[in-house]
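Read through the structure below, which is laid out as structure tokens, and then see the notes.
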Number of protein chains: 2
Amino acid sequence: MSGIVATYRIQCAPDDVDRIARWIAIEQTVEVPEALVDEAIIGKVRTIEPAPGRPSENSANAFDIAMEFREDLAAGHLPQLVNLVYGNVSLRHGVRLIGLELPDSLLARFAGPRFGVAGLRELIDVRDRPLLATVLKPRGLSATEFARIAGEFAEGGGDLVKDDHNLVGPGPEEFEARVQRCQEAVTAANVRNGRRCLYVPFLHAPAEELDRQAAFCVGQGVRGVMVAPMVLGLDTVRALGRKHGLFLLGHPTLTGGLVGPEHGIARGLLYGTLARLAGIDISVFVNAGGRFAWTPAQCRDIADHLRAPLGALKAAWPCPAGGMTFDHLEPMIREFGPDTVLLVGGALLTAEPTVREGTRKYQAEITRVLDR
Amino acid sequence: MSGIVATYRIQCAPDDVDRIARWIAIEQTVEVPEALVDEAIIGKVRTIEPAPGRPSENSANAFDIAMEFREDLAAGHLPQLVNLVYGNVSLRHGVRLIGLELPDSLLARFAGPRFGVAGLRELIDVRDRPLLATVLKPRGLSATEFARIAGEFAEGGGDLVKDDHNLVGPGPEEFEARVQRCQEAVTAANVRNGRRCLYVPFLHAPAEELDRQAAFCVGQGVRGVMVAPMVLGLDTVRALGRKHGLFLLGHPTLTGGLVGPEHGIARGLLYGTLARLAGIDISVFVNAGGRFAWTPAQCRDIADHLRAPLGALKAAWPCPAGGMTFDHLEPMIREFGPDTVLLVGGALLTAEPTVREGTRKYQAEITRVLDR
């Protein structure tokens, strides 16, 4: 294969599938009436297959169309790759992007995750086990209170403590105060116990302020930030991470609208492949069994795409989340393996008697599960 | 109303609606277990109503939940407003954002469209009629060939000629050559016939290059650019337009995944309200009756939101598109009125005997419809 192969699952009657395949081939490349079509440029339909297991589930039929696009049509960058493989076709309901194969020559244009699995292990100095992460919340606490939680989590043996994605504003002062206090608290705990827990602030600001806030974080000793790729823009966060040498933890806010059952982009591609192209080192998604009704297979698919070969791009960390508790640790480890960030928010913040003791208990459980 | 009121249409059983309303109120603000909830911060459920006309259409039921959030939770900026009203709730299928009311004090933080309806009329010097726009395509033509089309369209009396959204790459040289040649051709035609047709290039590049390319456009005399708000980021395009004093034409590429029937964001909010907050002056959407199966009511709703009062923000132009032809002009004008950009791509490019003559014929048809 020399080109980009995008696979679309189409909801349509059998008689329509060839016409729709031809439409996609044209719409995504030249978007002109047939009379003007240049066959050398438009997509090439490689295969059309009935979608597995569908006819009995649905009165309509579903087909998988594998379409090859010329590599140069992606212009070697992420905004155009997205535009090419899921631009105008997104506007016709019942067209879902379920597969994406990219040639190595195109992948070589992407730096991918700066740290990835191995790099982050080195940074935190944790070799073989999953990482334990928590979330600073709820909104309404002061910077001092957040710093106390962050410090206790670090003291208790936690690995990553991130801002909640609701912790934004009211102004940049709150952000700077929180970053400074939390980073100080985590650093102090690290010095005391010889560990390297990391504090990860949420960078979420007007476009004009992102650069300054990222530089502020770096100045405070922060090594990575949480970002919302589909709100700020996939390529905006990629460039931000590169410029400031930060690792990126991607939050899925807003993205649920893009992963519908018969439309949108398959989760593995959005939270896995595209996330890695955007330089995401840790990709947060909602785990099966939590507050959201995602299935184990969907979550596995995300983890698979974060780890699958993708040119020379580093593997990234899956970070299942969303209502995870102590009891989810063992199934999460069994499901996703050691190269996983185990994100426990509310359950850890309410741990008795303290966050510090709770964190110790959670880390002990991780060790217990791994030793079995 | 002092806060932000977001209305969600929820697919659920009647017994579940109160629980889901409470869940949204917490999830979008503090995202913690009930024990930690601060009632002063979380969303307030204002009303819960059965969705109009639903019970007979669907075995599940649907409800409209109006939720008020404290204004300060939006932090006065677009990334956080999006995160607040459709962040984590997007991850639970069957939650659609269908209404958004914003207090004037929040709206005052947004500059909105720089030109809007009145400003663009002044720029183009066309007072009362709809604007006629076309698209430079197909990909594969040279800068000289695109410039010839642009020049002919301007000579024939066209108002706006934009790059196709597939015209990206392979490198910045092609972009610069096209911008220079097309702008020259349009300017030359304007000088000849005393008009002010505008050329609108597609700004779509890696984040690091956007600024330089925008500055290049300004240097060439370009007054506005086309952008893909959901690919580059809503706030990225807002900041780009402000910095360079450009008007923005928003293209809907990728956004189809966000406007599902039972999930995502209502079209009026996405292509209307949020687009204006992002400074979009002209909002492209796919019109009913073209290549995509959107309904007249959905399209009307977009136009309504582009024109509705929204603090002191200017009204923006609806730009129905997607397979429009000569025969669509009259129904488009009847449907959307004079403050509309009529975008005709392929049909105009294949007009006989020339694009110039075709453009004259289209403008004559617009005059004919308005005079009736």
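Computed from the coordinates by the stated procedures, all read-outs in this text should not be read as laboratory data. As the structure is a computational prediction, the values presented were derived from the model and not from experiment. With ideal geometry, Cβ positions are generated from the backbone for all residues, glycine too; neighbour counts draw on all protein chains shown.
Things to note:
- When restricted to Cα atoms, the range A:123-237 yields an Rg and a Dmax of 13.8, 40 Å, respectively.
- GNM on chain B, alpha-carbon springs under 10 angstrom: the most fluctuating residue among B:Gly257, B:Gly245, B:Gly76 is B:Gly257.
- Rounded to whole Hz, the Karplus (6.51, -1.76, 1.60) HN-Hα couplings of the range A:266-271, x for glycine and proline: 4, 4, x, 6, 6, 8
- Listed residues A:Gly119, A:Gly272, A:Gly140, most fluctuating in chain A (Gaussian network, C-alpha, under 10 Å): A:Gly140
- Values of log10 I(q)/I(0), in the order q = 0.08 Å⁻¹, for the protein assembly as shown under a Debye, Cα-only, solvent-free model: -0.62
- Mean Cβ count within 10 Å, highest first, over the residues of peptides B:37-50, B:16-29: B:16-29, B:37-50
- Its residues counted as N, the range A:178-227 yields a C-alpha radius of gyration over 2.2 N^0.38 Å of 1.20.
- Inter-probe distance in nm under a simple model that places probes 7 Å from Cα toward Cβ, at A:Glu39 and A:Asn193: 6.8
- Taken as Cα centroids, the range B:277-303 and the range A:275-340 sit 36 Å apart, rounded to the nearest whole angstrom.
- Across the range B:4-107, C-alpha contacts under 8 Å between residues 6 or more apart give a mean separation that, scaled by the residue count, equals a relative contact order of 43 percent.
- Compared with the dominant principal axis of the Cα atoms in chain B, helix B:207-219 is inclined by about 40°.
- Angle in degrees between helix A:17-27 and the longest Cα principal axis of chain A, rounded to the nearest 10: 70
- Inter-chain neighbour count for A:87-97: the average number of beta-carbon atoms from partner chains within 10 Å of each residue's beta-carbon is 6.
- Stokes-Einstein D (µm²/s) once Rh is taken as the Kirkwood radius of the range A:56-178 over alpha-carbon pairs, at 10 °C in 1.306 mPa s: 81
- Rg/Rg_globular for the range B:245-345, with Rg_globular taken as 2.2 N^0.38 Å and Rg from C-alpha atoms: 1.01
- Part-to-part distance (alpha-carbon centres) for the range B:203-241 and the range A:7-46, which is given in Å: 29
- Interchain or long-range residues, amide H under 5 Å from A:Leu131's placed H: A:Thr340, A:Val341, A:Leu342
- Model label sites at A:Ala13 and B:Arg334, defined 7 Å from Cα along the beta-carbon direction, differ in position by 2.8 nm.
- Scalar couplings 3J(HN,Hα) for the range B:3-12, obtained by applying the Karplus form with A = 6.51, B = -1.76, C = 1.60 to θ = phi - 60°, are x, 8, 10, 9, 10, 10, 9, 10, 8, 6 Hz; x denotes Gly and Pro.
- Each DSSP beta bridge with both residues in chain A is either parallel or antiparallel, and the antiparallel ones are about 45%.
- Taking the axis that rotates chain B onto chain A, the chain B residue nearest to it by Cβ, with the distance rounded to whole Å, is B:Gly233, 1.
- In order through the range B:322-329: 3J(HN,Hα) via Karplus (6.51 cos²θ - 1.76 cosθ + 1.60), integer Hz, x for Gly, Pro: x, x, 6, 10, 3, 5, 7, 4
- With a 10 Å cut-off around each Cβ of A:126-136, the average count of Cβ atoms from other chains is 0.
- Hydrodynamic radius of chain B by the Kirkwood approach over all distinct alpha-carbon pairs: 21.7 Å.
- For chain B, built as a Gaussian network whose Cα springs stay under 10 Å, the top-fluctuating residue of B:Ala316, B:Ala118, B:Ala278: B:Ala118
- Amide H contacts under 5 Å for B:Met324: B:Gly345, restricted to partners 5 or more places along the chain or on a different chain, H placed in the peptide plane at 1.01 Å from N.
- Rounded to the nearest 10 degrees, the inclination of helix A:172-193 to the longest alpha-carbon principal axis of chain A is 60 degrees.
- Computed over the range A:90-135, the P(r) tail beyond 16 angstrom holds 66 percent of alpha carbon pairs.
- Ellipsoid equivalent to the range B:4-107 - semi-axes via the Cα gyration tensor, in Å: 24, 16, 11
- Computed over chain A: relative contact order in percent, which uses C-alpha pairs under 8 Å that are six or more apart: 18
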